[in-house]
1. Out of the range 135-167, which residues are free of Cβ contacts under 8 Å to residues at least 12 places away in the same chain and within 21 Å of residue 68 (Cβ to Cβ)?
2. Being farther than 25 Å from residue 177 by Cβ, hydrophobic (A, V, I, L, M, F, W, C) and assigned to a helix (DSSP H, G or I), is that true of even one residue in the range 91-104?
3. Residue 121 - would you say it is assigned by TED's automatic domain parsing to the domain that holds residue 37 and not in a helix (DSSP H, G or I)?
4. Taking the range 155-174, which residues are out of contact with any His (no Cβ under 7 Å at 6 or more places or on another chain), surrounded by 15 or more Cβ atoms within 10 Å (Cβ to Cβ) and part of a helix (DSSP H, G or I)?
5. Scanning the range 44-93 for residues that are touching a His at 6+ places or on another chain (Cβ under 6 Å) and under 17 Å from residue 126 (Cβ atoms), which turns out surrounded by the fewest Cβ atoms within 10 Å (Cβ to Cβ)?
6. Tell me which residues, restricted to the range 55-83, are in a helix (DSSP H, G or I), farther than 11 Å from residue 160 by Cβ and small (Gly, Ala, Ser).
7. In the range 164-179, which residues are within 18 Å of residue 37 (Cα to Cα) and of a type in the set (S, T, N, Q)?
8. Select from the range 153-179 the residues that are of a type outside the set (Val, Ile, Thr) and in contact with a Cys (Cβ under 8 Å, 6 or more places away or on another chain) and list them in ascending order.
Amino acid sequence: MEKLVKGFRRFREEAFPAREDLFQKLAHAQSPHTLFVACSDSRVVPELLTHREPGEMLVVRNAGNIVPSYGSETGGVSASVEYAVAVLGVCDVAICGHSDCGAMTALAHDHDLSRLPAVSHWLRHADAAKSVNAARIYRSDAARLDGMVRQNVVAQIANLRTHPSVALALAQDRLTLVL
């Protein structure tokens, strides 16, 4: 906890004054151009990876960069998608998979998740990717995992398309989905 407090103080004393105009503007409004869905893995830092400023992206992070299909799981991801597209008017949605993803490793290698019922339930939103990946032949376990990561991004894009706000924005050519 001490590291977090020190980090916040350092931000307040160094970073904030240097960019005070930006932070004052963001204190009253936001207009991100992108909804970025990423894994909650601590090694994945969307703003750092994309070199974006605060306020440029609305970021949703969860285990396996999952977007449940519309209606199957009401919750924060669906609400964030709807708000980003229908209210904030983002013009791009990006789904970001990553190497060595623990969630995708569990699915690609059929790990027993019975002691993690919430994780097991959540990862069912990647069942389509798991089925496609399992049907393929890979030269190595690493290739199997890479395939699972890729198939999951494709599956989450398909899930994203089931959201009414996304479907409407796509039909009106106001939105681009990025793999």
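The values are calculated or read from the model by the stated rules, or taken from the named source; none is laboratory data. Keep in mind that this is a model prediction, so the values were computed, not measured. Here the Cβ is made from the backbone with ideal geometry for all residues, glycine too, and neighbour counts use every protein chain on show.
1. Looking only at the range 135-167, we keep the residues that are free of Cβ contacts under 8 Å to residues at least 12 places away in the same chain, and these are 135-140, 142-143, 167.
The one that is free of Cβ contacts under 8 Å to residues at least 12 places away in the same chain and within 21 Å of residue 68 (Cβ to Cβ): 167.
2. No, every residue in the range 91-104 fails to be farther than 25 Å from residue 177 by Cβ, hydrophobic (A, V, I, L, M, F, W, C) and assigned to a helix (DSSP H, G or I).
3. Details: assigned by TED's automatic domain parsing to the domain that holds residue 37: yes; not in a helix (DSSP H, G or I): no.
So residue 121 does not fit the description; no.
4. 155, 156, 157, 160, 165, 166, 167, 169, 170
5. 44
6. Once the filter is applied, which keeps residues that are in a helix (DSSP H, G or I), farther than 11 Å from residue 160 by Cβ and small (Gly, Ala, Ser), the range 55-83 yields 76, 79, 80.
7. So in the range 164-179, the residues within 18 Å of residue 37 (Cα to Cα) come out as 164-167, 169-170, 175-179.
Residues satisfying the conditions are 165, 176.
8. Pass one, the range 153-179, residues of a type outside the set (Val, Ile, Thr): 155-156, 158-161, 163-165, 167-175, 177, 179.
Those that are of a type outside the set (Val, Ile, Thr) and in contact with a Cys (Cβ under 8 Å, 6 or more places away or on another chain): 174, 175.
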